[in-house]
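Here's the structure we're looking at; comments come further down.
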Amino acid sequence: MNSKKILIFGVFDGIHEGHNHFINEAKTHGNHLVAIVARDSIVEKIKGKVPVENEVERIKNLLENKEVDLVLLGDAELGTYNVLREVAPDLIFLGYDQNELHKDLKNKMKSGYLKEVEIKVGAPYKGDELHSSILNKK
């Protein structure tokens, strides 16, 4: 069987059913799933607050998911995508709510900064109930 490497990005702060749905959906596209966990400093920059769980805890929690084959810490500098080059995936699978990341990846590929890689976007899973920003308010 031809090996297909799938890459996902995320904060994964308090893994919930929505994250598991996203991970399972991503894994259907290949047989090797690599998860990139956003650094605490990047999360703070993007969301204006540090994650509830630190990056080490978030990596440890992801490693407990049998569908995830490898977990790596994201780049220290936003938008550099060094970890993406290192992994060299066959497909980047994004969450339905990762619009800014999708746009940035497309632009970086178009400009030649990144190699062209197929991007697919997952479907929301009870998006109104399970988005982290909603859960963290409870």
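Every number in this text was worked out from the coordinates using simple rules, so none of it is lab data. Values in this document were obtained by computation on a predicted structure and should not be read as measured data. Heads up, the Cβs are rebuilt from the backbone with ideal geometry, glycines too, and the neighbour counts pull from every protein chain shown.
Between the listed residues I8, L84, V117, the Cα displaced farthest toward the positive end of the dipole of the chain, a dipole computed from Cβ unit charges relative to the Cα centre, is found at V117.
What FRET efficiency comes out for the pair E57/K4, r = Cβ-Cβ distance, R0 = 25 Å, nearest 0.05? Could you put the intermediate results ahead of the total?
On the way: r = 29 Å, r/R0 = 1.17.
After rounding, the FRET efficiency stands at 0.30.
Estimated from helical segments only, the mean residue ellipticity of the chain at 222 nm is -10500 deg cm²/dmol, where each DSSP H run of four or more residues counts as -39500 (n - 2.57). Charging the Cβ of each Asp and Glu at -1 and of each Lys and Arg at +1, and nothing else, the dipole of the range 5-135 about its Cα centre rounds to 400 debye. Sorting 68-75, 90-97 by their mean Cβ neighbour count within 10 Å, with the most densely packed peptide first, gives 90-97, 68-75. Can you tell me the FRET efficiency between N107 and N24 if r is taken as the Cβ-Cβ distance and R0 is 35 Å, rounded to the nearest 0.05? Once the sixth-power term is evaluated, E becomes 0.75.
Note down the net charge around N20, summing +1 for each Lys or Arg and -1 for each Asp or Glu among other residues with Cβ under 12 Å from its Cβ. Present the calculation step by step, with values, prior to reporting the outcome.
Values: positive: K27, K66, K126; negative: E17, E25, E64, E67.
With Lys, Arg at +1 and Asp, Glu at -1, the net is -1.
Scanning residues 5 or more positions from V121 or on other chains, those with amide H under 5 Å from its amide H are L94, with H placed 1.01 Å from N in the peptide plane. Of all lysines in the structure, those lying under 25 Å Cα to Cα from K120, and not within fewer than 8 positions of it along the same chain, are K4, K5, K27, K47, K66, K103, K106, K108, K110.
Shape summary: the range 5-135 maps onto an equivalent ellipsoid whose semi-axes, from the alpha-carbon gyration tensor, are 21, 17, 15 Å in decreasing order.
Under the Kirkwood approximation for Rh and a Cα-based Rg, what ratio Rg/Rh is obtained for the range 3-75? Intermediate values should be presented prior to the final figure.
On the way: Rg = 11.9 Å, Rh = 12.3 Å.
Rounded to two decimals, Rg over Rh is 0.97.
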